[in-house]
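So the structure is just underneath, and the comments pick up after that.
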Amino acid sequence: MTFPQNEVRFEQLSTASPSVIYSIEEYPGRPARFDYLSPAFEEIYEIPVAKAMENAAIAFDTFHPDDLSGYQQAVIRSAKTMQPLQHEWRIITPSGKIKWVQANSRPERRQEGVLVWHGVMLDITDRKQTEAALRESEATKKQILKAIPDLIFWMSADGICLDSMPSNDAFQLFPDSGRVGKNLYTVLPPDLAEMRRQAVEKALQTGDVQVYEQRIMLHGGFYYEEVRVVGVGDDRVLVIVRNITSRKQAEIALQESEERFRSAFQDAPIGMALIGLDDRWLKVNPVLCNMFEYSEAELLTTRMFTMVHPEDRSILQQYIEQYLGQSQTKDKKATQVELRYQCKGGQIIWVRLNLSVVRDAQRHPSYYVAQIQDITQEHAVNRMKDEFISIVSHELRTPLTAIQGFLGLLNTGIYTNNPEKTQRMLKLAMDNGDRLVRLVNDILDLERLSSGKVQLAMTTCNASELMQQAVDSIHSIADQAAVTLAVVPTKAQVWAASDSIIQTLTNLLSNAIKFSPPQTTVTLSVQTQTDSVLFQVRDRGRGIPADKLESIFGRFQQVDVSDSRQKGGTGLGLAICQSIVQQHGGNIWVESTLGEGSTFYFTLPTPDP
Ligand code: ADP
């Protein structure tokens with residue numbers, strides 16, 4: 001081939017060019033032959049140009065076995081159509097390197113069926129490698145995206161789904177099939193569409209990833225999604241939607257159970273606390289603060305142990321040790337302990353403490369949950385009940401034993417012939433029987449009154465009439481004791497249940513008569529006060545020692561133990577009086593000087609004007 005013009009320049013160019021410039025001649029039945037081959041050939045093929053010019057087969061021997069037939073077909077096609085040939089193939093150089101080359105040539109038909117291709121050949125190994133790496137990374141990316149359970153799609157700013165990764169999770173509102181091309185804003189409920197619109201706008205404006213959660217009502221339940229919107233072009237965003245329903249449901253369940261615990265703790269009608277293993281109060285509820293008379297802040301800076309009554313600390317220590325020991329075994333029993341606590345003001349209260357230990361994942365104790373109940377009242381009532389029962393049983397047993405004794409004696413027949421003695425025995429048995437009846441009546445009265453079972457029927461009563469009726473009912477006893485009863489007349493009126501007040505006055509009068517020497521007077525009078533009327537029962541009897549002035553109002557309390565025997569009392573009269581007066585909203589008390597006499601006072605309300 002010749003280049004009549006500018007041959008020199010061409011030679012310079014072809015020498016400098018990193019591409020191989022070539023002409024190859026083919027004639028049917030003859031081996032192909034290079035007509036021209038530029039120096040770059042040697043660099044790519046690692047074969048001297050001269051050698052290839054001499055024998056083109058050397059160049060063809062370098063063809064990668066998989067690529068030769070493809071090349072031949074391309075050559076045939078180009079020869080047939082006389083269209084340019086563009087083809088890529090691999091060569092294996094003599095040193096064993098695999099390189100990619102690309103040829104671009106144009107066929108020229110000459111005489112006698114000779115075809116010549118003039119062209120350039122490039123080493124495209126680098127490009128091919130880059131392409132392969134890119135393909136590989138694209139494939140990897142696709143695989144990764146496929147493995148992500150999120151719904152990933154590209155969306156135009158006006159809501160059209162442009163492309164989408166197949167999602168393997170159930171995105172119910174936007175199912176996999178036919179997603180592309182759909183307008184998401186018409187699929188979403190209006191409020192969620194609006195949220196999405198705003199996120200898209202912001203993502204495109206700021207370039208920041210927008211993240212928000214959406215809740216969708218589906219099939220009667222809620223379905224939660226976390227949405228991420230990333231701007232990827234002027235008006236395109238990438239949307240990543242994650243199904244967070246199970247996480248959300250767990251969160252909600254946890255929140256609800258925390259809330260339930262919080263309100264159960266806060267609003268519990270008993271004291272509740274969380275207590276650290278170092279015995280600090282960690283959390284306390286209002287009932288507990290009230291119980292101990294501390295503010296919450298004050299209580300949280302104190303320790304549980306230091307508030308326990310010193311004598312009961314060992315009980316608590318033992319309880320905790322025993323409890324912790326027990327909880328490690330499976331058959332844990334609910335345990336509780338009763339002990340005394342000291343309130344802020346120094347007052348001692350009884351509490352029932354129930355501890356349960358909360359353990360961490362390794363089963364190590366973390367803290368205690370305590371239920372603390374103020375049982376001071378309960379304690380006092382129980383103590384009173386125990387005392388009452390022991391006293392009652394003693395009081396009832398004494399006359400009963402006496403009756404049994406007297407009747408037993410009579411039964412032996414030793415007094416059959418002694419009617420006088422028999423009479424005395426019967427009288428004693430009768431007296432004890434009477435005492436028993438009185439006792440039982442008083443106990444029942446008191447029990448009925450203090451249990452609140454009797455509803456007192458209040459009416460407007462004339463104080464003078466009440467006093468007179470009481471005096472009338474006890475007159476014979478006063479006469480026997482040669483004690484005079486005097487009533488100071490009054491116009492005062494009271495709001496009271498008359499029978500119970502007559503009973504009160506009778507009790508006080510009977511006591512006054514019992515403890516007065518003959519020829520003295522017991523005076524009954526009233527004094528009108530602002531909202532009440534003050535009753536006074538005054539005697540000139542033996543008086544009551546100062547230290548007994550309060551206690552005699554207690555059950556079975558007497559100044560002298562012999563009073564019950566000698567004076568026939570039960571020790572319950574004043575307790576009954578107190579109960580009645582208190583139920584009227586009044587007070588009862590006594591003033592007394594030993595050897596001079598006593599005055600019992602009680603108040604009753606006046607009727608509403
Ligand atoms: P009792 O049935 O023994 O009289 P009360 O409860 O009525 O029971 O009285 C309790 C005690 O108070 C009496 O036993 C007595 O010791 C004392 N007491 C009550 N009233 C008087 C009084 N007017 N003078 C002196 N002592 C009294």
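A short reminder: the numbers here are calculations on the coordinates, not readings from a lab. Here the structure is a predicted model, which is why all the values come from computation and not from measurement. Using ideal geometry, Cβ is built from the backbone for each residue, glycine included, and neighbour counts are taken over all protein chains shown.
Take the Cα gyration tensor of the chain, multiply each eigenvalue by 5, square-root it, and list the three semi-axes largest first, rounded to whole angstrom.
Computed over the chain, the values are 123, 28, 21 Å.
Compute the FRET efficiency between Asp431 and Thr520 as 1/(1 + (r/R0)^6), taking r as their Cβ-Cβ distance and R0 = 30 Å, and round to the nearest 0.05.
Calculated value: 0.70.
Among Gln527, Pro28, Asn432, whose Cα sits farthest toward the positive end of the charge dipole of the chain (+1 at Cβ of Lys/Arg, -1 at Cβ of Asp/Glu, about the Cα centre)?
Asn432
Below 12 angstrom from the Cβ of Met458, what's the summed charge of the other residues (Lys, Arg +1; Asp, Glu -1)? Numbers along the way, then the final one.
Values: positive: none; negative: Asp499, Asp608.
Neighbourhood net charge equals -2.
Can you work out ³J(HN,Hα) from phi for every residue in the stretch 416-431, in order, using Karplus 6.51 cos²θ - 1.76 cosθ + 1.60 and θ = phi - 60°, giving whole Hz and x for Gly and Pro?
So the Karplus estimates, Gly and Pro as x, are 3, 9, 10, x, 5, 5, 4, 4, 5, 4, 5, 4, 5, 4, 4, 4 Hz.
For labels at Gln362 and Thr422 in the simple 7 Å Cα→Cβ model, what's the distance in nm?
9.3
How are the alpha carbon pair distances in the stretch 455-609 distributed across 10 Å bins from zero to the largest one, expressed in percent?
Distribution as computed: 11, 43, 36, 9, 0 percent.
Along the stretch 178-183, what does the Karplus equation 6.51 cos²θ - 1.76 cosθ + 1.60 (θ = phi - 60°) give for ³J(HN,Hα), rounded to whole Hz, x for Gly and Pro?
Ordered by residue, 3J(HN,Hα) equals x, 6, 5, x, 7, 9 Hz.
So for each of 412-422, 588-598 I average, over its residues, the number of other beta carbons within 10 Å; can you give me the resulting order with the highest mean first? Before the final figure, lay out each step's value.
Working: 412-422: 10.8, 588-598: 15.8.
Final packing ranking: 588-598, 412-422.
Among all the aspartates and glutamates, which ones have a C-alpha under 17 Å from Lys491's C-alpha, if same-chain residues fewer than 8 places away are not counted?
Glu465, Asp531, Asp608
State the answer as a single residue: which of Leu400, Thr306, His364 lies farthest towards the positive end of the charge dipole of the stretch 291-403, with beta carbon charges of +1 for Lys and Arg and -1 for Asp and Glu, about the Cα centre.
Most positive-ward Cα: His364.
Pull up all non-local amide H partners of Asn285: gap of 5 or more, or a different chain, and H-to-H distance under 5 Å with H placed in the peptide plane.
Met272
In straight Cα distance, which lysines are under 22 Å from Lys453, not counting same-chain residues fewer than 8 positions off?
Counting by Cα, and skipping residues close in sequence, Lys453 has these lysines nearby: Lys385.
Expressed as a whole number of Å, what is the distance separating the alpha-carbon centroids of the stretch 400-433 and the stretch 234-254?
The distance from the Cα centre of the stretch 234-254 to that of the stretch 400-433 comes to 98 Å.
Can you compute the modelled spin-label distance between Asp499 and Glu298, with each label point 7 Å from Cα toward Cβ, in nm?
Here the modelled spin labels are 5.0 nm apart.
Could you give the size of the charge dipole of the stretch 128-249 about its Cα centre, using +1 on the Cβ of each K and R and -1 on the Cβ of each D and E, expressed in debye and rounded to the nearest 20?
Dipole about the Cα centre, nearest 20: 280 debye.
Work out from phi, with θ = phi - 60° and the Karplus expression 6.51 cos²θ - 1.76 cosθ + 1.60, the ³J(HN,Hα) of each residue of the stretch 235-242, listed in order in whole Hz, and give x for Gly and Pro.
Values per residue, Gly and Pro as x: 9, 10, 10, 9, 10, 10, 10, 10 Hz.
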